[in-house]
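The values are calculated or read from the model by the stated rules, or taken from the named source; none is laboratory data. As the structure is a computational prediction, the values presented were derived from the model and not from experiment. Please note: Cβ atoms are built from the backbone with ideal geometry, for glycine as well, and neighbour counts cover all protein chains shown. Side chains included, ligands, DNA and RNA excluded: accessible areas come from the protein's heavy atoms. Shrake-Rupley method; radii C 1.70, N 1.55, O 1.52, S 1.80 Å.
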Amino acid sequence: MKKFDCDKCGRCCKSLNLNELYRNLDRGDGICKHLDELDNKCSIYNNRPMICNVNKIYNKYFAEIYTLEEYHIINKRSCKKLRKDI
């Protein structure tokens, strides 16, 4: 399976307050409690929640709705929007 092409900008991990689904990961200021802000990397990357893994979420909930390529495009659009909004 093709891996999601993340550029590791950290915007998604710094915008958790925009989506209730991430409330339990929010340290209280919209930033993920597992984000290392010095390098924008996840401190629990190999054990991150499914909701933080584009391909696992795709397989579980969206594989019958979109192709993997379509789903990656949708996620890339969300990334671009986050960059503009913040």
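Across the chain, the relative contact order, built from alpha-carbon pairs under 8 Å that are at least six residues apart, equals 26 percent.
May I ask you to give the percent of accessible area on the chain that is carbon plus sulfur, with a probe radius of 1.4 Å? All intermediate terms of the calculation are to be shown ahead of the outcome.
Details: 3340 of 6610 Å².
In the chain, the share of accessible area belonging to carbon and sulfur is 51 percent.
Rg/Rh for the chain (Cα atoms only, Rh after Kirkwood) is 0.95.
Rank these residues by their accessible area, most exposed first, probe 1.4 Å: Lys56, Lys14.
Details: Lys56 115, Lys14 65 Å².
Listed by decreasing accessible area, they come as Lys56, Lys14.
Compared with the dominant Cα axis of the chain, that is its longest principal axis, helix 68-85 is turned about 30°. Counting only protein chain heavy atoms and rolling a 1.4 Å probe, the accessible areas of Tyr45, Tyr22, Tyr66, Tyr71 rank, largest first, as Tyr45, Tyr66, Tyr22, Tyr71.
Which sequence of Lys76, Lys33 reflects their accessible areas, 1.4 Å probe, from the largest down? If you can, show how the numbers build up before the last one.
Details: Lys76 60, Lys33 115 Å².
So the residues, ranked largest to smallest area, are Lys33, Lys76.
Less than 11 Å Cβ to Cβ from Tyr45, Lys/Arg counted +1 and Asp/Glu -1: what total charge do the surrounding residues give? Present the calculation step by step, with values, prior to reporting the outcome.
Working: positive: Lys8, Lys41, Arg48; negative: Asp36.
Spelling it out: positives minus negatives among the neighbours equals +2.
Calculated accessible area for segment 7-86 comes out at 75 Å² per residue, all protein chains present (probe 1.4 Å; ligands, DNA, RNA ignored).
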